[in-house]
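Inspection log for the structure reproduced underneath, given as structure tokens.
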Amino acid sequence: MPEQEDKALSRRILAARPTSPVNGKLETDELVLARITEGIYRQPASALRELVSNAYDADATEVVILTDAPRFGQITVRDNGRGLSPDVLTDLVKHIGSSPKRSEKGKKLGVTSPTNVNRSEGGRQLIGKLGIGLFSVAQFTRHFLIITKTAGDKFRTVADITLGKRDEQQAVLPLGKRGAHKYETGHFRIWREPTNDKKAQGTEIKLLDLLPRTRDELASDVVWTRQDYQITDPESEKTEPPVMHIGRMEKKTGLLSIQPTLPWTDLDGPRERFEKLVQKLRSFTSDRESVDLRKVCDNYLWSLWTLALSAPVAYLEGHPFDLLNDGETLFFEIENRLKGQSRPLEIPKGKSPRKMLKLKSPDGATSGHFEVFMDGVQLLRPVLYRDLPQTANAVKTPLLFIGRHRETFAGKDRELSGGPLAFEAYLFWAPKIVPKQHQGVILRVGNASGALFDNEFMGYETSEIARKSQVTAEIFVSEGLDDAINLDRESFNYAHLHYQFLMKWLHSAFRQLSNRSKELSKQIRTVERRHEAAQTQEKVAVKVRAALRSRGIEDVPEVEMLEPARKAEAAKLRRGGKIVMHREVILILRPTG
């Protein structure tokens, strides 16, 4: 019966026009999703992330986000993906929380590959699976439009959707033997309009009437209100406004009371704007402390940065697997044993670890590149590996540790194990990681992430506070882990076997990095001590020769400085005609001034 009802609604949508739209109720298939209008995401950037992920799954090559900053009257997210057919739109509004992706239903609707339900039609590893990504906009608004068109269609489809809180007293309708229920969470109005461009395709989401709390958060209202309070109360605790911000819009007048302070100009191109943002952040980092994004950026720029970090876009400085061996980085391979030891990778000059190890991450799409633009700024993954600041640390050269593994959990029931788990990963060590928020590990599934960097490295308990702040890591999961992702896509079910396996692997990898780093530090210090000893011996010898010559002795014997361990050799060396001095009683001569 539900399938027949869906077909009937799809036929009605096909025939609908602006003067005779199709009206209906939004209903969720599960009780937990009935609360979606209350918001399951932690910040506005999370909702934008879900819309970008939807575009990626639809094989879009470009997404344009317009936020109307700093006014935030409405937000538009536009992509050039495959668009939503009436059948797909029907499934969207009738089965919230029951995505056709990763299922046979997806093949029928054309939202997945005909040969692999875990891939898009264009071959991308799918990000979404829960069927609620579009409705993440409840974080922004209760009212939005979907304007969509598929290639070859003479019409575009418009869906006007209003979300509303569920009435706790309303009757529920049983759905099948499991006793599941449907709950009304809003209503829709859908119609079709003729278009002149038959070849065009894509989807545009218009978020209307943004919620006051969302507008305030994006506009950093709390930050500016705090500044106002400090002016009226001289004794209040002083805090500095963000160094970079989009300005302040007065709510009553709609005028800018504080002009924007941004690192780019209106003449800069989209990529150049993002590059200038990164350059500015680098300038805030000292040899003692890495820049803290939350202190120097307002909420808008923080949202832009986190979206760039989580979306499946290209890396600003290139993928770490593509770093060329130019003598500036040391490469190591992680061993897949609990107490394993990393081994040096002998990568030829000018070659990358990707080619040598045949690495595949990120799992690229056959349908081409993917770019995201937000208010004229091109978003690029801002994980930084080059031109990082130096410190007093003994090891100056960055270290890149690379690992990969596929675990089948042989002998375990698939229901318990969740099936195979496959991933590639890297741990990048540098004296200073920029910015501070990139210290840690991030898990990516389908080349995207909901969670940000975990600076505790999935609960790594060994006391490595200093080293944890010197490592940025990414794990690219190509198979598995999906079932361990929680509803908000920003956290994980820590008890899931896949998460537990990744945690143990990462902890072993971190120990291998730590051991190798300590070994290199020891080697460098040994070399430095030997060099220092040689310099000291030479300086002492010069002083001795000068003193002897001042007394008329021209045939000056060789001066030998002994380490404490060689004390027993002193007498023998003196009999051989050398001047022997014990190192521990010689003050190291250092230059002054």
Fill in: All positions within the stretch 251-310 that are under 22 Å from Pro389 (Cα atoms) and among the aliphatic types (A, V, I, L, M)
Leu277, Val278, Leu281, Val291, Leu293, Val296, Leu309
Worksheet item: Which of the residues that make up the stretch 55-90 are more than 16 Å from Glu217 (Cβ to Cβ) and touching a Leu at 6+ places or on another chain (Cβ under 6 Å)?
Response: Asp57, Thr76, Val77, Pro86, Asp87, Val88, Thr90
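Table: residues versus (1) touching a residue at least 40 places away in the same chain (Cβ under 8 Å); (2) in a loop (DSSP other than H, G, I, E, B).
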residue: Val441; (1), (2): yes, no
residue: Arg444; (1), (2): yes, no
residue: Ala451; (1), (2): yes, yes
residue: Glu456; (1), (2): no, yes
residue: Thr472; (1), (2): yes, no
residue: Val477; (1), (2): yes, no
residue: Asp483; (1), (2): yes, no
Fill in: Residues within the stretch 441-472 that are hydroxyl-bearing (Ser, Thr, Tyr) and at pLDDT 95 or above, tallied
1
Item to complete: Being touching an Asp or Glu at 6+ places or on another chain (Cβ under 7 Å) and surrounded by 15 or more Cβ atoms within 10 Å (Cβ to Cβ) is the filter here, so list the residues in the stretch 338-356 that pass it.
Response: Ser342, Leu345, Ser352, Arg354
Worksheet, complete the sentence: Pairs returned, first residue in the stretch 39-66 that is among the charged types (D, E, K, R), second residue that is at pLDDT 90 or above, beta-carbon separation under 6 angstrom, 6 or more apart or interchain, are Arg49/Leu307; Arg49/Ser310; Asp59/Gly81; Asp59/Arg82; Glu62/Asn80; Glu62/Glu371
Item to complete: Scan the stretch 337-389 for residues that are in contact (Cβ under 8 Å) with a residue 12 or more places away in the chain and touching a Phe, Trp or Tyr at 6+ places or on another chain (Cβ under 7 Å) and report the count.
Response: 19
Worksheet item: Mind checking which residues of the stretch 223-239 are among the basic types (Lys, Arg) and in a helix (DSSP H, G or I)?
Response: Arg226
Worksheet item: How about the stretch 410-439: which of its residues are part of a strand (DSSP E or B) and closer than 25 Å to Gly128 by Cβ?
Response: Leu421, Ala422, Phe423, Glu424, Ala425
Item to complete: Among residues belonging to the stretch 135-153 that are outside any loop (DSSP other than H, G, I, E, B) and at pLDDT 85 or above, point out the one that is farthest from Glu217 (Cα to Cα).
Response: Lys149
Practice prompt. Examine the stretch 104-111 for a residue that is modelled with pLDDT under 85, closer than 19 Å to Ile205 by Cα and either assigned to a loop (DSSP other than H, G, I, E, B) or in the same structural domain as Leu14 (by TED's automatic domain parsing) (or both), and state whether such a residue exists.
Written response: yes
Worksheet item: Out of (1) surrounded by fewer than 17 Cβ atoms within 10 Å (Cβ to Cβ); (2) within 21 Å of Glu424 (Cβ to Cβ), what's the single condition that is false for Thr391?
Response: (2)
Item to complete: Specify which of the listed residues (Gly202, Gly128) is modelled with pLDDT under 90, closer than 30 Å to Gly446 by Cβ, buried (at least 17 other Cβ atoms within 10 Å of the Cβ) and within 36 Å of the chain's Cα centre (by Cα).
Response: Gly128
Item to complete: Report, by residue number, each residue of the stretch 541-557 that is touching a helix residue (DSSP H, G or I) at 6+ places or on another chain (Cβ under 9 Å) and surrounded by 12 or more Cβ atoms within 10 Å (Cβ to Cβ).
Response: Val556, Pro557
Item to complete: Kindly indicate the residue of the stretch 280-309 that is among the small types (Gly, Ala, Ser) and not in a loop (DSSP other than H, G, I, E, B) and also nearest to Pro382 (Cα to Cα) among those meeting that condition.
Response: Ala308
Item to complete: Say whether the condition of being outside the structural domain of Pro70 (by TED's automatic domain parsing), under 15 Å from Phe373 (Cα atoms) and either of a type outside the set (A, V, I, L, M) or under 19 Å from the mean Cα position of the chain (by Cα) (or both) is met by at least one residue in the stretch 282-299.
Response: no
Discussion item. Take the conditions surrounded by fewer than 19 Cβ atoms within 10 Å (Cβ to Cβ) and at pLDDT 95 or above and apply them to Glu335. Does it pass?
Written reply: yes
Discussion item. Exactly one condition in (1) surrounded by fewer than 16 Cβ atoms within 10 Å (Cβ to Cβ); (2) over 30 Å from Asp454 (Cα atoms); (3) at pLDDT 75 or above is false for Lys504; which is it?
Written reply: (2)
Practice prompt. Please specify each residue of the stretch 250-289 satisfying the condition of being farther than 30 Å from Arg467 by Cβ and in contact with a Ser or Thr (Cβ under 8 Å, 6 or more places away or on another chain).
Written response: Glu250
Worksheet item: Filtering the stretch 221-272 down to residues that are within 33 Å of the chain's Cα centre (by Cα) and among the hydroxyl-bearing types (Ser, Thr, Tyr), which residue is surrounded by the most Cβ atoms within 10 Å (Cβ to Cβ)?
Response: Thr261
Worksheet item: Filter the stretch 394-409 for residues that are β-branched (Val, Ile, Thr) and assigned to a loop (DSSP other than H, G, I, E, B); which is surrounded by the fewest Cβ atoms within 10 Å (Cβ to Cβ)?
Response: Thr408
Worksheet item: If Asp197 passes every condition in (1) at pLDDT 85 or above; (2) at negative phi; (3) under 35 Å from the mean Cα position of the chain (by Cα) but one, which one does it miss?
Response: (3)
Worksheet item: Given Pro420, Pro435, which one is in the same structural domain as Leu513 (by TED's automatic domain parsing) and either at pLDDT below 90 or surrounded by fewer than 16 Cβ atoms within 10 Å (Cβ to Cβ) (or both)?
Response: Pro420
Item to complete: Go over the candidates Glu235, Glu317 one by one and state the one that is touching a residue at least 24 places away in the same chain (Cβ under 8 Å), more than 30 Å from Thr141 (Cα to Cα) and of a type in the set (Asp, Glu).
Response: Glu317
Discussion item. Just checking, does the stretch 394-404 include any residue being under 21 Å from Gly480 (Cβ atoms) and either modelled with pLDDT under 95 or small (Gly, Ala, Ser) (or both)?
Written reply: yes
Item to complete: Determine the pairs where a residue that is part of a helix (DSSP H, G or I), located within the stretch 1-12, has a partner that is at pLDDT 90 or above and among the hydrophobic types (A, V, I, L, M, F, W, C) with Cβ atoms under 6 Å apart, the partner being 6 or more residues away or on another chain.
Response: Arg12/Val22
Item to complete: May I ask you to verify whether Val77 is at pLDDT 90 or above, assigned to a strand (DSSP E or B), surrounded by 17 or more Cβ atoms within 10 Å (Cβ to Cβ) and within 24 Å of the chain's Cα centre (by Cα)?
Response: yes
Worksheet item: Quick check, is Phe188 closer than 24 Å to Phe72 by Cβ, at pLDDT 65 or above and either among the aliphatic types (A, V, I, L, M) or not in a helix (DSSP H, G or I) (or both)?
Response: no
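The values are calculated or read from the model by the stated rules, or taken from the named source; none is laboratory data. Treat the numbers as computed from the prediction; the structure is a model and nothing was measured. Methodologically, a virtual Cβ is constructed for each residue, glycine included, from the backbone with ideal geometry; neighbour enumeration extends over all protein chains shown.
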